[in-house]
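Before anything else, here's the structure in question.
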Amino acid sequence: MSVRRVVPIAMRLSWLVLIALATGEFVTDLPGPGWATTLLPALVVLALMVATMSLQARAAAPRGEPGPPVEVAPPVTGRWKALNSPADKVPSHGTHAYGQTYAIDIVAEPETAEGEAPGRPGAGPATRPAADPATRPQAEPGPRPEAGPVTRPAFRLFWPVFRRNRAFPAFGAPLLAVADATVVVASDGQRDHLSRNSLPALAYLMLAEAPVRSIVGAHRIIGNHVILDLGGGTYAVYAHLRRGSLRVRAGDRVRAGQGIGRVGNSGNTTEPHLHFHLMDGPDPDAARGVPFTWRGVGVPADGETFTVVEPEERGGQPTEEQAEKQAGRPTEQQAGRPVEGRAAGS
């Protein structure tokens, strides 16, 4: 086992020892001076935290000039807005850690009639549409989520402190494979927490929740996630997925456009959204970021909206659900049957 892996493990164990000693000080009289039971362990934990961050930064920092961006299909359909985009700054999220040098966050910004399901292109004018009919001719996004909100709630200073995930149009939106690939990691057991899009909730996230998640490890930062092996040493990461929504497992082969899961609000997030990036290895703790571009869309800048149209609307093959509707048969969701035996979590 490498030093880069041993140090974070040692840090977590040291945290457990420190917490146990601090708890012991309150419930019993521990032998020895206080500096030996609290101060010294705290200094050890601090040193290990600094070493862990340094090793992570060194492992993830780019080497040399970045290569050309890897072109893949967009992972969503509908109208979305980009946040924390590598089109504006690199690293886009302020760190190279977890292979996210060129990561992007996207939130749903539908222009829909009331009651229409989120994730579907709206009636308004599209911004930078992906009009290439060859983008995903065999897309299989699966059943649409239930009808959701028309607009995305704005950030509030104080009230409401938090919102439930169904208030956000991105929650439950289908996610698609960006290329023919092999599933390397598929994890969806973490809960979807409430939003953190108010000033008090954001302060809690930054000062309390995020540090704890960083200590526990990358899987608590990215939440429920899928990692796809695209071939050629390139891996795609989908983070913050909805609990229980995955339709794939590790080892599965997927086709470009195939439905693999749904957007959620798990991990280190303020609201339901998709975090997407490419990296050069399957382990976020060791990988370096790889530039990407979405076919027909490019890399939308921070705050820019873009629309990816349905396969049927651009002349491609209809999805499974569209075909069922055309044949007059109820979809799996309408019939009350779980999709591929995987019930979506709440």
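Which condition does residue 251 not pass, out of (1) open to solvent by 30 Å² or more (accessible area, probe 1.4 Å); (2) modelled with pLDDT under 95; (3) assigned to a loop (DSSP other than H, G, I, E, B), if it passes all the others?
(2)
Right, here's the next one. State all residues of the range 60-98 that are over 20 Å from residue 304 (Cβ atoms), open to solvent by 20 Å² or more (accessible area, probe 1.4 Å) and either in a loop (DSSP other than H, G, I, E, B) or out of contact with any Pro (no Cβ under 8 Å at 6 or more places or on another chain) (or both); if no residue qualifies, say none. So that I can check it myself, show each step before the final result.
Here is the first cut: in the range 60-98, the ones over 20 Å from residue 304 (Cβ atoms) are 60-68, 70, 95-98.
If we keep only those that are open to solvent by 20 Å² or more (accessible area, probe 1.4 Å) too, we end up with 61-68, 70, 95-96, 98.
Across the range 60-98, the qualifying residues are 61, 62, 63, 64, 65, 66, 67, 68, 95, 96.
Okay, next question. Looking only at the range 228-237, how many residues end up being farther than 10 Å from residue 185 by Cβ and either part of a strand (DSSP E or B) or open to solvent by less than 10 Å² (accessible area, probe 1.4 Å) (or both)? Working first, answer last.
So the first thing to find is which residues in the range 228-237 are farther than 10 Å from residue 185 by Cβ, and the list is 230-234, 236.
Subset that is either part of a strand (DSSP E or B) or open to solvent by less than 10 Å² (accessible area, probe 1.4 Å) (or both): 230-231, 234, 236.
So the count comes out to 4.
Now, a different point. Please return the ranges of helices (runs of 4 or more DSSP H) entirely within the range 177-227 where 3 or more residues are charged (D, E, K, R) and either modelled with pLDDT of 85 or more or open to solvent by 40 Å² or more (accessible area, probe 1.4 Å) (or both).
Answer list for the range 177-227: none.
Out of 262, 243, which single residue is part of a loop (DSSP other than H, G, I, E, B), of a type in the set (Lys, Arg), open to solvent by 10 Å² or more (accessible area, probe 1.4 Å) and modelled with pLDDT of 95 or more?
243
Check the range 130-148 and report whether any residue there is at pLDDT 90 or above, in contact with a Gly (Cβ under 7 Å, 6 or more places away or on another chain) and open to solvent by less than 10 Å² (accessible area, probe 1.4 Å). Even if it seems obvious, please write down each step before you answer.
Step one: list which residues in the range 130-148 are at pLDDT 90 or above, which gives none.
No, there is no match, as no residue in the range 130-148 is at pLDDT 90 or above, in contact with a Gly (Cβ under 7 Å, 6 or more places away or on another chain) and open to solvent by less than 10 Å² (accessible area, probe 1.4 Å).
Residue 308 is checked against (1) at pLDDT below 95; (2) open to solvent by 10 Å² or more (accessible area, probe 1.4 Å); (3) among the aliphatic types (A, V, I, L, M) and fails just one. What number does that condition carry?
Condition (2) is where residue 308 drops out.
Sticking with this structure for a sec: For the subset of the range 284-296 comprising residues that are surrounded by 22 or more Cβ atoms within 10 Å (Cβ to Cβ) and of a type in the set (A, V, I, L, M), which member is nearest to residue 170 (Cα to Cα)?
So the residue we want is 290.
The values are calculated or read from the model by the stated rules, or taken from the named source; none is laboratory data. Everything numeric in this text was worked out from a predicted model, so none of it was measured. Please note: Cβ atoms are built from the backbone with ideal geometry, for glycine as well, and neighbour counts cover all protein chains shown. The protein model used for the area step is the full one, side chains on, heavy atoms only, and it has no ligands, DNA or RNA in it. Shrake-Rupley method; radii C 1.70, N 1.55, O 1.52, S 1.80 Å.
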